[in-house]
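S.K.: Mind looking over this structure? Questions follow.
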Amino acid sequence: MSSQKQTVLAIGGTGAQGVPVVQELTRDGKYNVHVLTRSTKSAPALELASLPGVTIFSGDGYDEANLHSAFSAGIDIAFVNTNGFAIGEKAEIYWGIRIFEIAAEHGVKHFVWANLESSYKVSGYQPRFRTGHFDGKQKVADWISAQPKDGQMKWSILTSCMYLEMFSELLRPSPEIIDGEEVMIFKAPVGKGRPPMIFLEDLGRYGRWLIDHPEKSAGLNLKISTEQVGWDDVVKGFTEVTGKKAIFKDITLDEYFASGAFPFPDTKVGHSLGHDDETLQTYRENFTGFWNTWKESVLLRDYAVLDEILPTRVKSVKEWMQISGYTGKHGNVLKDYSDATSKHRAV
Ligand SMILES: NC(=O)c1ccc[n+]([C@@H]2O[C@H](COP(=O)([O-])OP(=O)(O)OC[C@H]3O[C@@H](n4cnc5c(N)ncnc54)[C@H](OP(=O)(O)O)[C@@H]3O)[C@@H](O)[C@H]2O)c1
């Protein structure tokens, strides 16, 4: 029985996005999953290792020899979420394309690219939307889209968006005492914007759907989201779910960067590969494009398609707060973020 199982290689499988995809793929034993990671002893690697059908592979997903060795291990399907935020736009474009080529060399049958949409491109290249960690993934998606849809290696694109779980980490509210009462303050430079946001468990289900249905998903760019989230709905939902008072404070980008959202906003992104690259944006530049995108609601979704594919999907930020037991307290979401925080602590 087990020899008929297909094997999926997950690159980025230990991340916030990869973990629910791997969990979903292995929940009923249908797939074996190999997870490529630089650290086999990290908390997510150990958690995934305990799942039936999961094999943890030691290696760097941005290394030619490591990739060949990972793809040589009888891989049928690839789920690839490169970390553009860690390696920067230029390296993400290179490695996204290169990983596709290596997968094809090794006879992979289906390649799933975890994508983000470029608001810069969607807006007709208006510079205020330029966001390197969106644009690199989109350029790879565009290159993949130019490959044959029914070639030896089928491909699908899973275009996601900000995770709802970010409300527990980078978007979490801070308590303030107002008139003797604790009020949770959700601050963001988002105005009346309504960005698409996704519940990570549903992202895992959409990933599985693409992999389960190559006959429907080959050549498809599936753009997912839970809903277009307005911050007024966030505070309303928060109060209804928790019974606690909450306020949305719309702030300027200058206030946002001054608030310590990023400790060094004028350094360049791409922390993993070094910062001395002229092509890299600074955190300030990157996240200016990011927040301008959300404030002006540049990216939209077709929710009828999403309802059809996943009728049981979570449909609102309030519903997500209910089922996840959201309290506004801090929770670890991004592996990169906890790795950086623990490095800081160790220094
Ligand atoms: N935050 C959001 O709301 C959001 C939403 C959609 C898409 N994204 C995109 O998703 C990507 C990040 O994935 P994630 O959200 O799952 O983040 P994450 O939780 O921080 O996970 C980072 C992943 O990247 C892997 N990685 C490999 N080489 C790395 C390197 N040199 N430096 C840092 N990490 C490396 C890590 O693997 P090991 O450490 O195990 O090797 C881990 O699997 C980014 O491109 C980001 O733009 C983010």
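S.K.: For the chain, give the percent of accessible area contributed by carbon and sulfur heavy atoms, probe 1.4 Å, rounded to a whole number.
M.R.: 53 percent
S.K.: If you don't mind, another one. Would you calculate, for the chain, the mean residue ellipticity at 222 nm contributed by helices, counting each DSSP H stretch of 4 or more residues as -39,500 (n - 2.57) and dividing by all residues, to the nearest 500? Mind dumping the intermediate values first?
M.R.: Details: 15 runs with 138 residues, N = 347.
Rounded to the nearest 500, the figure is -11500 deg cm²/dmol.
S.K.: For Cα pairs less than 8 Å apart in space and 6+ apart in sequence, what is the mean separation divided by the residue count of region 225-306, i.e. the relative contact order in percent?
M.R.: Details: 43 pairs, mean separation 21.0, N = 82.
Relative CO of region 225-306 lands at 26 percent.
S.K.: Okay, next question. No solvent, one uniform scatterer per C-alpha: report log10 I(q)/I(0) for the chain via the Debye equation at q = 0.10, 0.11, 0.13 1/Å, two decimals.
M.R.: Here the Debye-derived log intensity ratios amount to -0.60, -0.73, -1.04.
S.K.: If I ignore ligands, DNA and RNA and count only protein heavy atoms, how much of Glu319 is accessible to a 1.4 Å probe, in Å² to the nearest 10?
M.R.: About 60 Å², rounded to the nearest 10.
S.K.: Now for a different question. Can you give the relative contact order of region 31-108 as a percent, counting alpha carbon pairs under 8 Å and 6+ residues apart? Please list the in-between numbers first.
M.R.: On the way: 75 pairs, mean separation 20.3, N = 78.
Relative contact order comes out at 26 percent.
S.K.: Assuming a ≥ b ≥ c are the square roots of the Cα gyration tensor eigenvalues, decide whether region 34-114 counts as rounded (a/c under 1.5), prolate (otherwise, with a/b larger than b/c) or oblate.
M.R.: Values: a/c = 1.85, a/b = 1.21, b/c = 1.53.
Cα axes put region 34-114 in the oblate bin.
S.K.: I need the shape label for region 136-287. Rule: rounded when a/c is under 1.5, else prolate if a/b > b/c, else oblate, with a, b, c from the alpha carbon gyration tensor. Please list the in-between numbers first.
M.R.: Details: a/c = 3.18, a/b = 1.50, b/c = 2.12.
Oblate is the answer for region 136-287, as a/c is 1.5 or above yet b/c matches or exceeds a/b.
S.K.: In Å², what does the accessible area per residue of the chain work out to with a 1.4 Å probe?
M.R.: On the way: 15510 Å² over 347 residues.
Value for the chain: 45 Å² per residue.
S.K.: Work out how much length Asp150 to Thr239 would gain on full extension: take 0.36 nm times their residue separation and subtract the Cα-Cα distance, in nm to one decimal.
M.R.: Using 0.36 nm per residue and subtracting the Cα-Cα distance, I get 27.1 nm.
S.K.: In degrees between 0 and 90, to the nearest 10, how far off the longest principal axis of the chain does helix 283-295 point, with axes built from Cα atoms?
M.R.: The helix 283-295 is inclined about 80 degrees to the chain.
S.K.: Remind me, relative contact order of region 47-153 in percent, using alpha carbon pairs under 8 angstrom and six or more residues apart? Provide the component values of the computation, followed by the final result.
M.R.: Working: 127 pairs, mean separation 28.0, N = 107.
This gives 26 percent for region 47-153.
S.K.: Accessible area, 1.4 Å probe, largest first: how do Glu169, Glu308, Glu89, Glu201 sort? Let's see the in-between values first.
M.R.: On the way: Glu169 0, Glu308 150, Glu89 20, Glu201 95 Å².
So the residues, ranked largest to smallest area, are Glu308, Glu201, Glu89, Glu169.
S.K.: Projected area of region 77-161, taken from the Cα convex hull and averaged over every viewing direction, in nm²?
M.R.: Values: hull surface 21.3 nm².
Hull-based average projected area comes out at 5.3 nm².
The values are calculated or read from the model by the stated rules, or taken from the named source; none is laboratory data. Note that this is a predicted model, so its numbers are computed, not measured. In case anyone asks, the SASA skips ligands and DNA or RNA and just uses the protein heavy atoms, side chains included. Shrake-Rupley method; radii C 1.70, N 1.55, O 1.52, S 1.80 Å.
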